[in-house]
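> Let me begin by handing over the structure; questions about it come next.
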Amino acid sequence: MHLSALTLASLPADIHTPTYDRRRHAPGVVHLGLGAFHRAHQAMVFDQLLASGDTRWGIHGVGMTRPDLVNQLRAQDGLYAVRVADGQGLKWQVPGALWRMSVATTEREAVVQAIAAPATRWVTLTVTEKGYTPALGQLLLDGLRLRQQAGLPGITVASCDNLQGNGHKLQALVKASALPDDSSVLHWLDAHCAFPCSMVDRIVPAATAEVLAAASQALGLRDDAALSTEGFWEWVIEDRLADPADAALLQSAGVRVTADVHSYEETKLRMLNGSHTAMALMGAITGRPFIASCIGVSHIQAFVHRLMGQEVAPHLSRTDWREYRDALIARFGNPYLKHSVHQIATDSSQKIPQRWPPSVLGQIECGAGFEHHALAAAVFVRYTLAEDENGQAYTLNDPQATSLMALGAAQRTEPEACVRALLSREDLWGKRLPAHAAWIARVVHWHQQILQGGVDATVQALVQEKS
């Protein structure tokens with residue numbers, strides 16, 4: 001039997017399950033991007049709020065392109081189990097905040113109507129960096145226009161993606177979709193809606209057969225949407241909400257509401273996400289399947305520790321970065337998190353511009369070294385060969401895959417020209433680094449070492465050189 005509303009009562013007593021009424025109230029949140037991360041992060045925060053007796057936080061979850069996931073969740077009445085596991089222990093939980101589901105590509109009108117529904121108070125988004133397209137802006141604007149025309153209150157529209165200033169970017173995207181005769185809705189949007197910036201942090205791997213099997217054993221039921229995550233989580237959101245009273249409610253559930261989101265988001269992007277990308281690319285090339293497989297190797301762990309401490313941290317405004325760095329090292333090594341290196345390497349061309357160049361430029365401006373980032377950039381170039389050091393092919397899951405692989409293929413015959421071509425791309429490195437001779441020279445150097453001796457020997461050489 002499957003996990004569902006009918007079988008919920010049969011779960012073991014030690015599994016936390018929803019006790020609130022999931023049928024009598026309309027959802028108050030529309031979430032765009034119904035992937036694993038949202039379901040193990042914001043949905044669990046909203047589950048806490050619902051459990052406290054506040055019925056306004058049920059979710060209408062929208063899968064942007066994946067009807068298979070939506071159908072799985074519909075078959076289970078929006079229920080799924082989450083394994084929360086780390087060095088402190090293991091527990092299973094079934095959050096109940098997901099009440100309705102739609103697919104944006106095939107049920108667009110239902111999504112627009114959900115945004116415009118009288119009960120809706122929030123729209124949240126985890127559509128990934130590449131999801132911020134004109135189509136997304138138009139979808140949101142269409143829903144907001146219906147709200148304005150119906151005389152309904154404004155809402156909070158909160159991006160939870162790894163983009164600096166994500167609230168500002170989202171608001172600009174929505175406004176860019178407006179037509180000349182949309183002045184009234186734009187005025188209403190500015191006056192009544194809020195687009196706070198936010199930073200979210202929790203490691204949530206894609207579900208695996210092992211997690212599904214463990215869920216089945218723990219629940220005594222089949223769960224096709226089970227997830228695994230860590231105990232750690234953070235959600236920092238700007239104190240700019242359509243209903244200011246929401247700030248205290250979110251804080252009661254463990255969310256940090258602050259005027260200074262930037263210091264948290266830049267730390268997460270450059271420390272967690274930046275080192276994640278570097279390790280993922282190394283793992284892909286060396287044939288290591290998971291992040292834990294990478295951080296468990298002493299020279300890779302030393303590389304990551306130094307990357308964060310020596311080249312990233314000097315340019316951060318978050319004061320507790322040492323504690324955050326050390327917590328990250330422990331989190332990366334969590335044996336329960338089978339976090340695929342190829343999952344994290346997905347869309348690297350969209351992620352690297354946010355994660356690496358700001359730290360490199362910071363080092364350049366203060367006259368400090370950038371060897372760890374140069375080696376990481378060389379690893380990225382090697383990654384574009386789409387073949388690991390054992391001769392096994394892998395797929396570049398990236399919107400720029402065709403152009404990256406076309407450029408990357410040249411490193412077999414003209415490696416330096418290949419590196420220079422990839423480093424000349426402003427879409428990856430910004431405007432300054434493609435013209436910085438010392439940066440290019442160091443990436444060329446480390447790339448040569450990787451081609452000659454492999455990733456592991458090259459990382460070891462840097463770690464020993466800097467010790």
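> Go through the residues of the stretch 186-209 one by one and say whether even a single one is β-branched (Val, Ile, Thr) and within 25 Å of LEU146 (Cβ to Cβ). I'd like the intermediate steps shown before the answer.
Step one: of the stretch 186-209, the residues β-branched (Val, Ile, Thr) are 200, 203-204, 208.
From what's left, within 25 Å of LEU146 (Cβ to Cβ): none.
Scanning the stretch 186-209 turns up no residue that is β-branched (Val, Ile, Thr) and within 25 Å of LEU146 (Cβ to Cβ).
> When you scan the stretch 246-264, how many residues do you find that are in contact (Cβ under 8 Å) with a residue 60 or more places away in the chain and within 18 Å of the chain's Cα centre (by Cα)?
From the stretch 246-264, those in contact (Cβ under 8 Å) with a residue 60 or more places away in the chain are 246, 249-250, 252-255, 261-262, 264; that's our starting set.
When the remaining residues are screened for being within 18 Å of the chain's Cα centre (by Cα), the result is 255, 261-262, 264.
Number satisfying all stated conditions: 4.
Each row is one residue, and each column tells you yes or no for (1) in the same structural domain as GLY309 (by TED's automatic domain parsing); (2) more than 26 Å from HIS305 (Cβ to Cβ); (3) touching a helix residue (DSSP H, G or I) at 6+ places or on another chain (Cβ under 8 Å).
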position	(1), (2), (3)
GLY367	yes, no, no
PRO399	yes, yes, yes
PRO415	yes, yes, yes
LEU428	yes, no, yes
GLN449	yes, no, yes
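> Given the conditions (1) closer than 26 Å to GLY408 by Cβ; (2) out of contact with any His (no Cβ under 7 Å at 6 or more places or on another chain), and given that ILE344 satisfies all but one, which numbered condition is not satisfied?
The single condition ILE344 does not satisfy is (2).
> Ok, one more. Suppose we filter the stretch 53-93 for residues that are closer than 12 Å to PRO18 by Cβ and either surrounded by fewer than 22 Cβ atoms within 10 Å (Cβ to Cβ) or more than 23 Å from the chain's Cα centre (by Cα) (or both); how many remain?
Matching residues across the stretch 53-93 total 3.
> While we're on this one: Give the residues of the stretch 319-355 that are over 16 Å from the mean Cα position of the chain (by Cα) and part of a helix (DSSP H, G or I), sorted by residue number.
Answer for the stretch 319-355, where residues must be over 16 Å from the mean Cα position of the chain (by Cα) and part of a helix (DSSP H, G or I): TRP321, ARG322, GLU323, TYR324, ARG325, ASP326, ALA327, ILE329, ALA330.
The values are calculated or read from the model by the stated rules, or taken from the named source; none is laboratory data. The shown structure was predicted, so the numbers you read here are calculated from the model rather than taken from an experiment. Here the Cβ is made from the backbone with ideal geometry for all residues, glycine too, and neighbour counts use every protein chain on show.
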